[in-house]
Amino acid sequence: MKRSNRKDSILRFSMLTYLSKRIDTVLCMKKIISPLLVLGVCVTPVSALFMVQPSWGQTQNVSTQQAERLLKQAIQQTQQEQHQQAIQTLQQVLPLARELKDKKLEAIALNELGFNFQSISQPQEALKSLNQSLPLSRAVGDRSTEAKILNNIGLVYSDLGQKQEAFKYLNQSLPLSRTVGDRSTEAEILRRIGGVYSDLGQNQEALKYLNQSLPISRTVGDRSIEAKILNNIGQIYDALGHNQEALKFYNQSLPISRAVGNRKGEAATLNNIAVVYSNLGQKHQALKFYNQSLPLRRAVGNRTGEARTLNNIATVYSDLGQKHQALKYLNQSLPISRAVGDRTSEATTLNNIGQIYSDLGQKQEALKYLNQSLPLSRAVGNRAGEARTLNNIATVYSDLGQKQEALKYLNQSLTLSRAVGDRTNVAKTLNNIAAVYNALGQKHQALKYFNQSLPISRAIGDRSMEATTLNNIAAVYSDLGQKQEALKYLNQSLPISRAVGDRSMEAGTLNNIGQVYSD
């Protein structure tokens, strides 16, 4: 089960600007159980103590003092991740700001409100507040705040799965932050653009932006953003199959999150470390880290993160063959995703439940859940998720012996994956198309598709997929009676499975080599 995650971050603006001036067998149909690797560690909104401008000192009245006090209180509540309390406090600030006709104060309160709504997974409420804040910041000519609000709107659209809409706002925000010389915001926007590219499967492009962001965060001494960037880079390396490199970055991120008191970020990184250990086949080590992440997510009220970690725990139990235990966790995750309106996570969980039923041999039940997942991915514009679910539906039809139906879905998946630039899924889908042709006895057609998949896996650095495809090519050559050619590919696959620490795949490859010699 592969993990996705999402993204529970939003940037608040610095109050100083206002106030102080995530094969063990041959011919494997590659199922894509979308895990929830948390890409965006919660971005700690940039905030500072409320300081009254000198010009206010002569004219401030009771309302002004009350507004200042409440805003300071809301900032403290937000920093302590007391988001519901912060919302209530900010809703007291707004009427005071409007009474004072202070558009800048009103914009600040609305932006803070947007952050807190996003933190409790209410994206529509977040957008409502942010879209009220934006024209106010423009009206007072505050370009720095405008850049931050545009960034925040981009983050919400990204979390909603509307990636192109996210790019639209982020690409408006970036030049503004550079114009005003706000390097912390610039680093955060670059990080977020990298996150959107990662969500689209464009990992090298994602790394490009993250590697621009990291030195900026260090230059300005913003350790909170630095931790998030390190976490995100770790996720990219995880997606590329570079497990040890991923762990290296996660283990740099984790102590920084702890040092700055970002429990949300700490929980996300613990979740992501668990993902790597799961990929390495160290399932009990993975559970150890997930079980550190889960109570933290509950403690800070991060229900979206809680649902995703429950989903990931289910992945481990599924990998351990404990399918009913996996279903137990997925059935805890699903209602939470629905309750918070996280349709992307809901779609992923439905997809994963479908995969469990498929593994249990309940193919019609599997199709029922996969066919609920598919329209949700389409509704939120998550074309990469849609492509993966199409791939999984194809796997079920292939298992049912309906090979032509399987090919129909695989070809839809391939087209979508190419359109969104998800080369990882392109490689997997090509591998699966080849597997269907092999099952149909069309060996040379199978080799054609395997040989299209292999260079893509190598190009994107997906070494696990590379090893799987080498194994599958070997199986075809073995079936064709070309035993030496089969051994050539198996002997390429074996050191890769060892290098990535996939002991299950290593065992499968050794078994396949033994079978070739026995034949």
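The values are calculated or read from the model by the stated rules, or taken from the named source; none is laboratory data. Note that this is a predicted model, so its numbers are computed, not measured. Heads up, the Cβs are rebuilt from the backbone with ideal geometry, glycines too, and the neighbour counts pull from every protein chain shown. Ligands, DNA and RNA are stripped out before the accessible areas are found, and what is left, the full protein with its side chains, is counted by its heavy atoms. Shrake-Rupley method; radii C 1.70, N 1.55, O 1.52, S 1.80 Å.
Computed quantities for the displayed model
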quantity	calculated
Solvent-accessible area, 1.4 Å probe, carbon plus sulfur percent, for segment 136-258	47 percent
Eligible lysines near residue 483 by straight Cα distance, threshold 21 Å, same-chain separation 8 or greater	443, 448
Under 15 Å, Cβ to Cβ, from residue 419 - net charge with Lys/Arg +1 and Asp/Glu -1	+3
Label-to-label distance, nm, for residues given as residue 171 and residue 371 (7 Å Cα→Cβ offset)	3.9 nm
nm² value of the averaged projected area, convex hull over the Cα atoms of segment 213-253	2.4 nm²
Cα-derived Rg over Rh, computed across segment 66-147 with Rh taken as Kirkwood radius	0.95
Whole-angstrom gap from segment 188-254 to segment 424-475, using each part's C-alpha centre	29 Å
Rounded, prolate or oblate (a/c below 1.5 giving rounded, otherwise prolate when a/b exceeds b/c) for segment 325-443 by Cα gyration tensor	oblate
Protection proxy ranking of 319-327, 258-266 - average other beta-carbon atoms within 10 Å, highest first	258-266, 319-327
Per-residue [θ]222 nm for the chain (sum of -39500 (n - 2.57) over DSSP H runs n ≥ 4, rounded to 500)	-26000 deg cm²/dmol
Packing rank of 335-348, 449-462, 356-369, where each peptide gets the mean count of other beta carbons within 10 Å, highest leading	335-348, 449-462, 356-369
Contact order relative to length of segment 136-231, as percent, for alpha carbon pairs under 8 angstrom and 6 or more apart	21 percent
Rounded D (µm²/s) - segment 423-487, Kirkwood Rh over Cα pairs, Stokes-Einstein at 10 °C, 1.306 mPa s	139 µm²/s
By average C-beta atoms within 10 angstrom, highest first, the peptides 221-230, 422-431, 147-156	147-156, 422-431, 221-230
Spherically averaged projected area of segment 270-358 from its Cα convex hull (nm²)	5.1 nm²
Among the listed pairs 148/288; 168/408; 248/428; 72/248; 168/368, those beyond 32 Å (Cα-Cα)	148/288; 168/408; 72/248; 168/368
Within the accessible area of segment 388-519 (1.4 Å probe), percent carbon and sulfur	45 percent
Stokes-Einstein D in µm²/s, Kirkwood radius over Cα pairs - segment 67-203 at 4 °C with 1.567 mPa s viscosity	86 µm²/s
For segment 120-203, accessible area per residue (1.4 Å probe, heavy atoms of protein chains only), Å²	33 Å²
Per-selection metrics, the chain (Cα): Rg and Dmax in Å	24.6, 94
Isotropically averaged projected area of segment 123-193, using the convex hull of Cα atoms (one quarter of hull area), nm²	4.1 nm²
